[in-house]
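Inspection log for the structure reproduced underneath, given as structure tokens.
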Amino acid sequence: MPTNLELKPDMQRDIPGPMAAFPESLTIPDAQGNPDRGWGKAHAPKNQRLEQVVRELLIELGADIHDQHFRGTPARVARLYRDLTQGYRLKPDEILTTFASNHHELIVVSDINFYSLCPHHLLIYRGKMHFGYVPNGKIVGLSKIPRLIQGMAARLIVQEDLVSEIADTFMVEVNPLGCVVRAMGRHDCVAVRGVKCHEAAMTTVALRGVFQEKSSLTEEFHQILSTSGRP
Ligand SMILES: [Zn+2]
């Protein structure tokens, strides 16, 4: 069974060891800009190297790092990016606790907001995910699915691979008859650079198990979302 999500060797520098447990609440600032939750200062990873990289970036950009507005920026940005990439310390097998069940019909968890980072530009993309699965003797606690999705999104990963990896991880850890992940994301790298399309959104879908075999089941999933007024 996979434990920690794979971290490429060149990304391992300056990353703290595995956490004892994934924090109850994700610390990614929400759309209202609410401050960090979870990682208290006592548990903060050592960020000196990351802070130095941010300091050098500021200098390269022409900022006066002694100015009052920049003095705390390296530490602040280091904490921010640590939060946005905390999925590298995620342990899916510890999150996905299961319960025995005889339910063998479709279960849908919808409207799970997520944030992720585009690996090409290091800019945020955000949106909603919808998840469905057909159990095979085991169901998963409802809150565990948003935790898995938000946790796996908190990495540098393209949206196409993100939905695939979420589906594959769920299949390995929970062994359902099948699962489906649908994500719609708006990407800052499309909004603020290049074509500058603020409203463009990308939808990606991953189907596994019975969802690949029975199109009626996938249609039922999409139907549930559309009749609930979902995107
Ligand atoms: Zn990008």
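Quick grid of which residues meet (1) assigned by TED's automatic domain parsing to the domain that holds Leu122; (2) of a type outside the set (Lys, Arg); (3) buried (at least 18 other Cβ atoms within 10 Å of the Cβ):
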residue: Cys179; (1), (2), (3): yes, yes, yes
residue: Val190; (1), (2), (3): yes, yes, yes
residue: Arg193; (1), (2), (3): yes, no, no
residue: Glu199; (1), (2), (3): yes, yes, no
residue: Thr203; (1), (2), (3): yes, yes, no
residue: Ala206; (1), (2), (3): yes, yes, yes
residue: Gln212; (1), (2), (3): yes, yes, no
residue: His222; (1), (2), (3): yes, yes, no
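Let me spell it out: the conditions are (1) surrounded by fewer than 19 Cβ atoms within 10 Å (Cβ to Cβ); (2) among the hydroxyl-bearing types (Ser, Thr, Tyr); (3) modelled with pLDDT under 95, and Ser110 meets all of them except one. Which number is the exception?
So Ser110 meets the others, but not (3).
Farther than 22 Å from Leu80 by Cβ, in contact with a Gly (Cβ under 6 Å, 6 or more places away or on another chain) and either polar (S, T, N, Q) or not assigned by TED's automatic domain parsing to the domain that holds Leu84 (or both) - does that describe any residue in the range 155-170?
no
If you check Glu173 against the conditions, is it modelled with pLDDT of 95 or more, of a type in the set (D, E, K, R), part of a helix (DSSP H, G or I) and more than 16 Å from the ligand (Cβ to nearest atom)?
yes
Mind checking whether some residue in the range 119-135 is hydroxyl-bearing (Ser, Thr, Tyr), within 21 Å of Met184 (Cα to Cα), buried (at least 21 other Cβ atoms within 10 Å of the Cβ) and touching a residue at least 40 places away in the same chain (Cβ under 8 Å)?
Looking through the range 119-135, at least one residue is hydroxyl-bearing (Ser, Thr, Tyr), within 21 Å of Met184 (Cα to Cα), buried (at least 21 other Cβ atoms within 10 Å of the Cβ) and touching a residue at least 40 places away in the same chain (Cβ under 8 Å).
Over 23 Å from Ser216 (Cβ atoms), more than 17 Å from the chain's Cα centre (by Cα) and not small (Gly, Ala, Ser): is that true of Val192 in this structure?
Here the answer is yes, as Val192 does meet what is asked.
Taking the range 129-166 on its own, how many of its residues are charged (D, E, K, R) and within 18 Å of Leu207 (Cβ to Cβ)?
Total meeting the criteria: 3.
Restricting attention to the range 163-175, does a residue exist that is charged (D, E, K, R), touching a Cys at 6+ places or on another chain (Cβ under 9 Å) and surrounded by fewer than 22 Cβ atoms within 10 Å (Cβ to Cβ)?
Checking the range 163-175: not a single residue is charged (D, E, K, R), touching a Cys at 6+ places or on another chain (Cβ under 9 Å) and surrounded by fewer than 22 Cβ atoms within 10 Å (Cβ to Cβ).
If I ask for residues that are out of contact with any Pro (no Cβ under 9 Å at 6 or more places or on another chain) and outside any loop (DSSP other than H, G, I, E, B), which ones from the range 189-212 would you list?
Cys189, Val190, Ala191, Met202, Thr204, Val205, Ala206, Leu207, Phe211, Gln212
Given the criterion at pLDDT 95 or above, under 11 Å from the mean Cα position of the chain (by Cα) and either within 26 Å of Glu220 (Cα to Cα) or not in a helix (DSSP H, G or I) (or both), identify the matching residue among Arg186, Arg147.
Arg147 is the lone residue from the list that is at pLDDT 95 or above, under 11 Å from the mean Cα position of the chain (by Cα) and either within 26 Å of Glu220 (Cα to Cα) or not in a helix (DSSP H, G or I) (or both).
The values are calculated or read from the model by the stated rules, or taken from the named source; none is laboratory data. Computed from a predicted model, the values in this text were never measured in an experiment. Using ideal geometry, Cβ is built from the backbone for each residue, glycine included, and neighbour counts are taken over all protein chains shown.
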